[in-house]
1. Which residue pairs have Cβ atoms closer than 6 Å, lie 6 or more positions apart in sequence or on different chains, and pair a first residue in the stretch 88-102 that is within 15 Å of P57 (Cβ to Cβ) with a second residue that is of a type in the set (S, T, N, Q) and open to solvent by less than 50 Å² (accessible area, probe 1.4 Å)?
2. Of all the residues that make up the stretch 72-95, how many are of a type outside the set (A, V, I, L, M, F, W, C) and farther than 15 Å from D45 by Cα?
3. Being assigned to a helix (DSSP H, G or I) and open to solvent by less than 30 Å² (accessible area, probe 1.4 Å) is the filter; apply it to the stretch 44-74 and report the residue that is farthest from C107 (Cα to Cα).
4. Does R108 meet the test of being over 14 Å from the mean Cα position of the chain (by Cα) and open to solvent by 40 Å² or more (accessible area, probe 1.4 Å)?
5. Given the conditions (1) at pLDDT below 60; (2) within 13 Å of the chain's Cα centre (by Cα), and given that M67 satisfies all but one, which numbered condition is not satisfied?
6. Taking the residues in the stretch 30-43 that are under 13 Å from the mean Cα position of the chain (by Cα) and of a type in the set (A, V, I, L, M, F, W, C) as candidates, determine which candidate is surrounded by the fewest Cβ atoms within 10 Å (Cβ to Cβ).
7. Checking P98 against (1) within 20 Å of S41 (Cα to Cα); (2) at pLDDT 95 or above; (3) not hydroxyl-bearing (S, T, Y), which test does it fail?
Amino acid sequence: PSALAAASVAASTVASAFSASVFSAAPDVDRAFGSVGSFFSPSLDPLLASGAFQANPPYDPPLVAAMGERMHALLASADARRDALTFIVIIPHWQDKPCWRALVQSCRCSA
């Protein structure tokens, strides 16, 4: 099975409108495609408290950096509660971008 199927991915996060997003970077635009709100909104923390999520953001370095910071905070909270939380992130191999290096060098990165 694919990595997404094996991880039992529940929803997409920070996705473009064409990837059936549930949490998005632009909820006002993505609402018509099923977005329940902004991935960055603290009001949606309970929905992101545990589970497995795919993130395939628009390839915009500042957005990817913000996404990484948000994921790190969510993962730290899940760890403190002893909840299982996984993000599968799909971005280009941007070795020259600080946002890519921050994700790859994170103590929470396992790939």
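The values are calculated or read from the model by the stated rules, or taken from the named source; none is laboratory data. Note that the structure is a prediction, hence the values are computed from the model and not measured. Heads up, the Cβs are rebuilt from the backbone with ideal geometry, glycines too, and the neighbour counts pull from every protein chain shown. Note: areas computed on protein heavy atoms with side chains; ligands, DNA, RNA excluded. Shrake-Rupley method; radii C 1.70, N 1.55, O 1.52, S 1.80 Å.
1. That search, which allows pairs on different chains as well, returns I88/Q54; I90/N56.
2. Matching residues across the stretch 72-95 total 4.
3. Checking each candidate, the answer is L44.
4. no
5. Status for M67: all satisfied but (1).
6. Out of the qualifying residues, it is F40.
7. Answer for P98: the failing condition is (1).
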